[in-house]
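Engineer: Pasting a structure here, questions to come.
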Ligand SMILES: C[S@@+](CC[C@H](N)C(=O)[O-])C[C@H]1O[C@@H](n2cnc3c(N)ncnc32)[C@H](O)[C@@H]1O
C-alpha cells in the first residue's frame, strides 16, 4: 500500500497533495550568518555564475535550481549549508538565544544543530546528541565546516539522556527532531514510501514518546521544547504529543511558523487527542511547494522566575 | 590517588593549563603558548580568543570551545579542532584558518583565482614570489569584494602545499 493514500482524508486537496509528492524538490541552502550575510552569499553566487532564487519567507535561504549545493565557493568557505526549506522551521520555532543552554536530542547530521548555533551567534552551549556514532561523524564534519565553536557532541540514547557529562543539569530549550517514517521526504527520497510499514510507525512512536518525555524533563520550568518530524502519521505526531501532555508537566503553545500550515488533528483511526494538539502545525507539500513536515512548540510547566512572581501577586487575573 | 604523574588521556578532553608553570601533564601546551603562537605566527591578537577555552584530547590535538563544560569532559567533541601541538612545528587546522583567518595580519598568502582553485582542490603549487616566512600559512582569496580565508597551507622551498583535508577538497571554478 502507498502510505500517502492513508493521509488523503486529512488534506484539503488529495490530488494536489499526491501531485506535489511526486515532484522532485529543488536544492536549497541556508546561509550560515555567523560567517557571511545573505547579501554576500548572493554576490558570491553571482560572481561564480551559480543560479539562485530567493525563498520568500526566509531571506537566509536560497534555492539552487541547478542543484549541487556543495560545489561552489560559498559552501567551501562555510557560508552555506544544504538544508531543505521545511527543515529550517523547528529551529525558528525553538528561537534559541545567544548564551543559552540548548539540547538537540536527535542531532545528526547536524543541519538543525548548526542552525541553532548560528542563531545563538555561536555563544552559549548547544549539546548535539545522537545515538548513531556514524551519523555523528557527519555532524562533526558539518559543524567544523561551518566554524561552530559552541557545540558539545554526545552519543547517548536520548530516552535516558544523562546530563552527567555536562556542566549543568537543565536546558533552556530542547529540540526533538525525532526519527520517524519520513514520508514527508518522499520528494527527495522516493524510497521511503516503498519501505513504509505500519509496524515501523508503531515501533518508532514508542521511541518518540520516550525522547520527547526526556526532553521535557531535562528542560527548566518555563523553557521551550520543540517536537518535529517529517511524517504525516498522526501516530507519530499528535499521538506522541497527547501522550507526553499526559505524562509530563508541559503545554503546547502557538509557534507561528512563517509558512502555510494546517492545525494538528484531534482524531485519527478511532483515537482522539487533547484539543491543544491543534496548536501544532502540519506542513503539506502542496501548500508551500516544500517537503512535508510537522512541528509543535511546548512550554515546560512548573514555576519559572517570571511566573513565580506573578503567582505571588495572587489576584492578577481576576 | 596514585603516585603517577598525570598523563594525557586520549579518551577525554582536558582544559589546557593557563601557563607553562601550571602544567601538570607532560608535553601539554598551555593557553599562554597557544595565544602567543597565534600572535607571533599570524598576528592574531590574544583578545580574539578571550572567552574561548582550549582543550586537549588525543596526542596534541587542541580544540577551541565557546561554551560551558566540565573539566575533564567525557564527550565526543567539544567545539572545533584548532591546532596540532606536541610536534616541532605546530599546525593550525584548515578549519581554524577559515574560522579565525580573517583576524590574521601576517602569515597570510593571497591567491589569485587560478591559484585558489588549485589550492582548494588539494594541489601543491610553485609560488616562488612569496617572500615571507616558511611554514604554515593561511591562504586567502577575494570573494564578493573581500578577502576570505580558504584554509591552511604549508610553504616550503618555493612551494605552497595545500593541507585542506581530503573530505573538504573541491573542484571549483576559477572565478575571475
Ligand atoms: C530526523 S533525524 C535528525 C536530523 C537532524 N536533526 C538534522 O537536522 O540534521 C533523526 C535522528 O535521530 C537519531 N536517533 C534515533 N533514535 C535515537 C535515540 N533513541 N536517541 C538519540 N537519537 C536517536 C537517528 O540516528 C537520526 O540521526
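The values are calculated or read from the model by the stated rules, or taken from the named source; none is laboratory data. Since the structure is predicted, the reported quantities are computational estimates derived from the model, not experimental observations. We place every Cβ from the backbone using ideal geometry, glycine too, and count neighbours over all the protein chains shown.
Engineer: Among the numbered criteria (1) more than 25 Å from residue B:165 (Cβ to Cβ); (2) touching a strand residue (DSSP E or B) at 6+ places or on another chain (Cβ under 9 Å); (3) at pLDDT below 95, which single criterion is violated by residue B:74?
Structural biologist: (3)
Engineer: Given the criterion at the interface with chain B (Cβ under 9 Å from one of its Cβ atoms) and free of Cβ contacts under 8 Å to residues at least 24 places away in the same chain, identify the matching residue among A:56, A:71.
Structural biologist: A:71
Engineer: Go through segment A:143-164 and report how many residues are touching a residue at least 12 places away in the same chain (Cβ under 8 Å) and either more than 24 Å from residue A:208 (Cβ to Cβ) or at the interface with chain B (Cβ under 9 Å from one of its Cβ atoms) (or both).
Structural biologist: The qualifying residues number 12.
Engineer: Please go through (1) without any contact (Cβ under 8 Å) to a residue 40 or more places away in the chain; (2) in contact with a helix residue (DSSP H, G or I) (Cβ under 9 Å, 6 or more places away or on another chain); (3) facing chain B (nearest Cβ under 7 Å) for residue A:119 and return the number of the only condition it doesn't satisfy.
Structural biologist: Unmet condition: (3).
Engineer: Could you tell me whether residue A:83 is closer than 22 Å to residue A:256 by Cβ and away from the ligand (no atom under 15 Å from the Cβ)?
Structural biologist: No; evaluated as a whole, the condition is false for this residue.
Engineer: Turning to a different aspect of this structure: Condition test on residue A:173, is it crowded, with 23+ Cβ neighbours inside 10 Å, within 15 Å of the ligand (Cβ to nearest atom), within 18 Å of the chain's Cα centre (by Cα) and farther than 15 Å from residue A:111 by Cα?
Structural biologist: In short, yes.
Engineer: Then there's this: Which count do you get for residues in segment B:60-70 that are facing chain A (nearest Cβ under 9 Å) and either farther than 16 Å from residue A:141 by Cα or out of contact with any strand residue (DSSP E or B) (no Cβ under 9 Å at 6 or more places or on another chain) (or both)?
Structural biologist: So the count comes out to 5.
Engineer: Looking at residue A:134, is it surrounded by fewer than 22 Cβ atoms within 10 Å (Cβ to Cβ) and more than 15 Å from the chain's Cα centre (by Cα)?
Structural biologist: Answer is yes for this residue.
Engineer: Any idea which of A:195, A:208 is more than 12 Å from the ligand (Cβ to nearest atom) and more than 14 Å from chain B (Cβ to nearest Cβ)?
Structural biologist: A:195
Quick grid of which residues meet (1) surrounded by 15 or more Cβ atoms within 10 Å (Cβ to Cβ); (2) over 22 Å from residue B:161 (Cβ atoms):
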{"residue": "B:63", "(1), (2)": "yes, yes"}
{"residue": "B:89", "(1), (2)": "no, no"}
{"residue": "B:109", "(1), (2)": "yes, no"}
{"residue": "B:146", "(1), (2)": "no, yes"}
{"residue": "B:149", "(1), (2)": "yes, no"}
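Engineer: Then there is this: Check segment A:64-79 and report whether any residue there is over 18 Å from residue A:223 (Cβ atoms) and under 20 Å from the mean Cα position of the chain (by Cα).
Structural biologist: Scanning segment A:64-79 turns up no residue that is over 18 Å from residue A:223 (Cβ atoms) and under 20 Å from the mean Cα position of the chain (by Cα).
Engineer: Shifting gears a bit: Just give me the residues in segment A:259-272 being in contact with a strand residue (DSSP E or B) (Cβ under 7 Å, 6 or more places away or on another chain) and part of a loop (DSSP other than H, G, I, E, B), in sequence order.
Structural biologist: Residues satisfying the conditions are A:259, A:261, A:264, A:266.
Engineer: Looking for whichever is at pLDDT 95 or above, away from the ligand (no atom under 13 Å from the Cβ) and more than 12 Å from chain B (Cβ to nearest Cβ) here; the options are A:89, A:64, A:94. Which one fits?
Structural biologist: A:64
Residues are listed down the side, and each one gets a yes or a no for (1) over 13 Å from residue A:94 (Cβ atoms); (2) part of a helix (DSSP H, G or I); (3) within 15 Å of the ligand (Cβ to nearest atom):
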position: A:123; (1), (2), (3): yes, no, no
position: A:135; (1), (2), (3): yes, yes, yes
position: A:148; (1), (2), (3): yes, no, yes
position: A:166; (1), (2), (3): yes, no, no
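Engineer: Consider residue B:133 carefully, then state whether it is within 11 Å of residue B:109 (Cα to Cα) and in the same structural domain as residue B:119 (by TED's automatic domain parsing).
Structural biologist: In short, yes.
Engineer: Could I ask something else about it? Looking at A:44, A:51, can you tell me which residue is assigned to a loop (DSSP other than H, G, I, E, B) and within 14 Å of chain B (Cβ to nearest Cβ)?
Structural biologist: A:51
Engineer: So which residues in segment B:19-76 are touching a helix residue (DSSP H, G or I) at 6+ places or on another chain (Cβ under 9 Å), part of a loop (DSSP other than H, G, I, E, B) and within 21 Å of residue A:148 (Cβ to Cβ)?
Structural biologist: The answer is B:44, B:76.
Engineer: In segment A:97-107, what residues are within 14 Å of the ligand (Cβ to nearest atom) and either part of a loop (DSSP other than H, G, I, E, B) or over 21 Å from residue A:140 (Cβ atoms) (or both)?
Structural biologist: A:105, A:106, A:107
Engineer: Now a separate question. Looking for whichever is over 13 Å from the mean Cα position of the chain (by Cα) and either under 24 Å from residue A:230 (Cα atoms) or surrounded by fewer than 24 Cβ atoms within 10 Å (Cβ to Cβ) (or both) here; the options are A:108, A:119, A:93, A:151. Which one fits?
Structural biologist: A:119
Engineer: Quick test of your reading of the structure: residue A:129 fulfils all but one of (1) at the interface with chain B (Cβ under 10 Å from one of its Cβ atoms); (2) over 18 Å from residue A:227 (Cα atoms). Name the failing condition by number.
Structural biologist: Unmet condition: (2).
Engineer: Could you say which residue among A:127, A:201, A:153 is at pLDDT 95 or above, touching a helix residue (DSSP H, G or I) at 6+ places or on another chain (Cβ under 8 Å) and within 13 Å of the ligand (Cβ to nearest atom)?
Structural biologist: A:153
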